[in-house]
1. If you project the alpha carbons of the chain onto their three principal axes, what span does each projection cover, largest first, in Å?
2. Kindly rank 269-275, 549-555 from highest to lowest mean number of other beta carbons found within 10 Å of each residue.
3. Divide by every residue of the chain the summed helix terms, -39500 (n - 2.57) for each DSSP H run of at least 4, and state the resulting mean residue ellipticity at 222 nm, rounded to the nearest 500 deg cm²/dmol.
4. Among the DSSP beta bridges whose two residues both lie in the chain, what percent are antiparallel, rounded to the nearest 5?
5. With point charges of +1 on the Cβ of Lys and Arg and -1 on the Cβ of Asp and Glu, referenced to the Cα centre of the chain, which listed residue (PHE480, ALA328, ALA468) lies farthest in the positive direction of the dipole?
6. Restricting to lysine pairs 8 or more places apart or on different chains, what number in the chain have Cα atoms under 30 Å apart?
7. State to the nearest 20 debye the size of the charge dipole of the chain about its Cα centre, where the only charges are +1 on K and R beta carbons and -1 on D and E beta carbons.
8. Placing +1 at every Lys and Arg Cβ and -1 at every Asp and Glu Cβ, with all other atoms neutral, what dipole size does the range 37-146 have around its Cα centre, in debye to the nearest 20?
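What follows is calculated from the coordinates using simple rules that are stated; it is not laboratory data. Every value quoted in this text rests on a predicted model; they were computed, and no experiment measured them. When we count neighbours, we look across all protein chains shown, and the Cβ atoms used for this are built from the backbone with ideal geometry, even at glycine.
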Amino acid sequence: MPHRIIKGIAVSPGVAVGPALVVRWEAPVVPDKPIAAHQVQAEVERLVAALAHAKERIARSRAKAAERAGEEEARIFDAQLLILEDRDLRTGVDRLIRDNHFSAERAFQLKMLEWRGLWSTTGSAMLQERLADLTDVEILVLSQLLGVAEPSLEQARPDTPVVLVARDLTPALTVQLDREAVLAIACEEGTRTSHAAILAHSIGIPAVMALPEVLDRVTTGETVVLDGWAGTLQVEPADSTVEAAQRRDRQRRELERDLEAGSELPAQTTDGTTLAVRANLDLPEELDLALRHQADGVGLMRTEFLVAGRGQISTEEEQADLYRRVGAAFDPHPVVVRSFDLGGDKFPVGAKRIAEANPMLGWRAIRVCLDQPEIFRPQLRAVLRAAAHAKLRLMLPLVTRVDEVLRSRELVAEEARALRKAGVEAAASVPVGIMVETPAAAVIADRLAEVADFLSVGTNDLVQYTLAVDRGNARLAERFTPHHPAVLRLLAGIARAGRAANREVSVCGEMASDPVSVYLLVGLGFRVLSVAPPSLPLVKWMVRQISARDAARCAEAALELATADEVSAFARRTVGGAVDLRLLDPSSPLPARARRASFRR
Ligand code: PEP
Ligand code: MG
């Protein structure tokens, strides 16, 4: 077979070379045969036993995940336990057995089919990703009921290590992965935030997701090179390709080490402008890396993990402890706690499951919080309580209107008063800022700056809403262009509004971790960036290479251009004088002699 290159999404770095092992794990086939009336009770008992067995298996996988990847990753399995414990599921299957005389396996499969249909049509990215959990649960329960072997990597354990090629690895299979046996993972489905991606990353196995039709384009035994930096899978490569990929891998790792060595240096441009580079935290586990990379505080602490995939929202007490802990870890730098950004791609627990035609334009973020004070108020109290001990700020997501900020401030003030009256130790107030992530907020940034203490640009959503491009749709990935002049003009306006009102304006979307965009953002006047902890060394290093004056000239000229491509090309050309961009491009070979000294500047 000829050499082929398949392009996907890089989710876990590293290069692996080896034979492919194509695996297809699917739910077993269920025979469609009805049961007799006298068998009903026995079928129900079989169901109960199979569910108990599945729970035990999942608990074992959870323990294994906790051991290999940490407690936070292990919580992924809690979602599966919740499925098994769901009362609707149990009574639904029970009814199908009793009323329709379906066998336990048939009834269970029908219920899974119904759930799958419901979850797929909500448009919620989070529920889409949870489909892997459903598959895991379905396979486990059906295998038990039908008496067939449960899928396990034991069956596929090869003599030589392999690159595993699959449609999508379920969480249970991902934790079974053995670094000795599995060199890397290539999946046809999945995204940067799917379970398999998260687990592969924390276990340290290179992985690429969303490889189109990879199951049909690769055969077991073919040699493949998986490049978890560039997001590619090369099939039957030439020797020179293999060597080049391995060389690049070595160089990238060296570069990462060099960049990390400069983490303690301030992010100061060559002409003396100092930036604050803060960390985005999605999970508390990321705190250590953010500290190691010397983040200047936390610019965005996402709190959805306190809700998503759990039976209930963390209590006020638990939240206050967590916020206090993170605040203390970064003292004296600020920690910005974002209130729950639920709905859209993140499902609200405790709220009614509403089907929305356009969830991204629907009941989400600040809209949910203001409509559900029983969720919002405890979070506000927790922030106020933690703020008695740490430099905390509160940030509101997806703001589009001035009254959303004013109402939130009223609630903060009410809760502060109530805490004081109850004699609970808490701050008298906290700074309340907003995320600017809709065109509406960007256009009225001047008005919002009058009522908010600080602004932070969420470019992930701002680009999505400005360009009408779904941020999670792989088919539109090419159109998701933060350098589009429309986005650039909005960014310039937001920075201007912040300066005029003397408010801090930061950028906390993914754009802030792209080196060329860092140049443009500095040029547009942003002085605070917030990025995922692994990106901190690179962003700080980039700031140290550039001059703020040159960046401003570049941004001014870029604002006059007509297309995203022109802006990108122009910015790359301009910054190219200061930085060797080949160092930053995961797919290009690095120069033979990397200028190591400059990394520490
Ligand atoms: C954003 O939209 O840019 C952002 C930082 O928020 P999130 O990615 O959590 O929506
Ligand atoms: Mg957002």
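1. Here the spans come out as 82, 71, 41 Å, largest first.
2. Working: 269-275: 15.4, 549-555: 19.3.
Packing order, densest peptide first, comes out as 549-555, 269-275.
3. Working: 24 runs with 286 residues, N = 601.
Taken over the chain, the calculation gives -14500 deg cm²/dmol.
4. Details: 18 of 53 bridges.
Percentage antiparallel, nearest 5: 35.
5. It is ALA328, whose Cα lies furthest towards the positive end.
6. Total qualifying Lys-Lys pairs in the chain comes to 15.
7. Values: 75 positive and 82 negative charges, 284 e Å.
The calculated dipole for the chain is roughly 1360 debye.
8. Details: 16 positive and 19 negative charges, 40 e Å.
Roughly 200 debye, rounded to the nearest 20.
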